[in-house]
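This report refers to the structure that appears directly beneath it.
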Amino acid sequence: MNSLFRNEQEEKDFGKAKELVLSCGFSEAALLDCSTIELREEVRRMCAADTCGMYGKNWSCPPACGSLEECREKVQGYRFGVLVQTIGELEDSWDYEGMQETEKQHKETFRKAAALLREQYPGLLALGAGCCTVCASCSYPDGPCRFPEKRISSMEAYGIVVSDLCKANEMGYYYGPGKIAYTSCYLLG
């Protein structure tokens with residue numbers, strides 16, 4: 001039995017969770033040891049540089065998603081989870097449409113799997129790729145989140161260096177030229 005699990009039933013439940021996310025359409029899934037999650041201030045500073053254009057414009061992004069310390073408090077309650085990836089094929093390194101299509105597929109699969117996992121793990125913390133896109137336009141900062149139960153912050157919004165987390169949990173990150181991978185995670189127990 002893996003030492004992350006308190007008993008064999010918990011390990012079996014994780015196995016079912018992994019099967020579930022793969023059946024939803026992810027390309028890859030791996031056990032996530034939550035002790036390997038590092039929330040870094042330098043990632044938050046990258047968010048503040050606003051290169052994606054969402055800083056201060058979305059409930060799932062900084063500063064609205066909470067301080068790094070508030071995010072740390074949420075993450076500390078978990079021991080294990082599932083890392084998931086959608087790997088897409090690109091025509092070339094400038095295939096922006098292929099990147100967008102893979103991201104769209106990843107987000108749809110992520111929301112579908114999150115809804116199913118919440119039935120087994122009601123305390124689930126889902127951290128996605130990119131900003132929340134549940135609503136066509138976010139109500140932040142003028143009004144409250146319309147769907148707080150569906151809102152998903154990104155791994156980066158929480159200060160996570162995704163490539164480091166993948167490496168620490170023996171999951172690939174770069175799959176070579178002509179491929180792109182979107183990575184997210186579910187914290188379960």
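Only the coordinates and a few stated rules stand behind these numbers; no lab work does. What you see is a predicted model; the values in this text were computed from it and never measured. Cβ sites come from the backbone with ideal geometry, for glycine too, and all protein chains shown count toward neighbours.
Observations on the model:
- Charged-residue dipole, Cβ positions (Lys, Arg, Asp, Glu), the stretch 12-187 about Cα centre, Debye nearest 20: 620
- Exposed-loop-free span, longest in the chain, where GluC sites (Glu not before Pro) count as exposed if DSSP calls them loop and at most 15 other C-beta atoms lie within 10 Å: 92-148
- Coupling constants for the stretch 174-189 follow from the phi torsions by the Karplus curve (6.51 cos²θ - 1.76 cosθ + 1.60, θ = phi - 60°), and in residue order they are 10, 10, x, x, x, 9, 9, 10, 10, 10, 9, 8, 10, 8, 10, x Hz; glycine and proline get x.
- Pairs from Lys57/Lys167; Lys16/Lys179; Lys12/Lys104; Lys57/Lys104; Lys57/Lys179; Lys12/Lys150 whose Cα-Cα separation, in the structure shown, is over 25 Å: Lys57/Lys167; Lys16/Lys179; Lys12/Lys104; Lys57/Lys179; Lys12/Lys150
- Virtual spin-label span in nm between Ser3 and Gln120, 7 Å along Cα→Cβ: 2.5
- Loop-located trypsin sites (Lys or Arg not before Pro) in the stretch 42-98, at most 12 other Cβ atoms within 10 Å (DSSP): none
- Contact order normalised by residue count of the chain, Cα under 8 Å, 6+ apart, percent: 34
- Shown for the chain are the DSSP H helices of 15 Å or more along their axis, judged by Cα atoms, with a mean Kyte-Doolittle hydropathy of at least -1.0: 8-24.
- Rounded to 5, percent antiparallel among DSSP beta bridges of the chain: 90
- Scalar couplings 3J(HN,Hα) for the stretch 161-169, obtained by applying the Karplus form with A = 6.51, B = -1.76, C = 1.60 to θ = phi - 60°, are 8, 4, 4, 5, 5, 4, 4, 5, 10 Hz; x denotes Gly and Pro.
- Sparse-neighbourhood loop sites, trypsin sites (Lys or Arg not before Pro) in the stretch 103-189 - DSSP loop, at most 16 other Cβ within 10 angstrom: Arg146, Lys150
- Legend: ranking of residues Val161, Val43, Val21 from fewest to most surrounding C-beta atoms inside 10 Å; resulting order Val161, Val43, Val21.
- CD proxy at 222 nm, helix term only [per DSSP H run n ≥ 4: -39500 (n - 2.57); per residue of the chain; nearest 500]: -11000 deg cm²/dmol
- The stretch 32-189 - convex hull of alpha carbons, volume per residue in Å³: 113
- Thr133 paired with Ser93, simple spin-label distance in nm, labels 7 Å along Cα-to-beta-carbon: 2.4
- Inter-probe distance in nm under a simple model that places probes 7 Å from Cα toward Cβ, at Arg72 and Gln100: 3.9
- Rg(Cα) / (2.2 N^0.38 Å) computed for the stretch 77-143, rounded to two decimals: 1.37
- For the stretch 89-130, the Cβ-based charge dipole about the Cα centre amounts to some 540 debye (Lys, Arg positive; Asp, Glu negative; other atoms uncharged).
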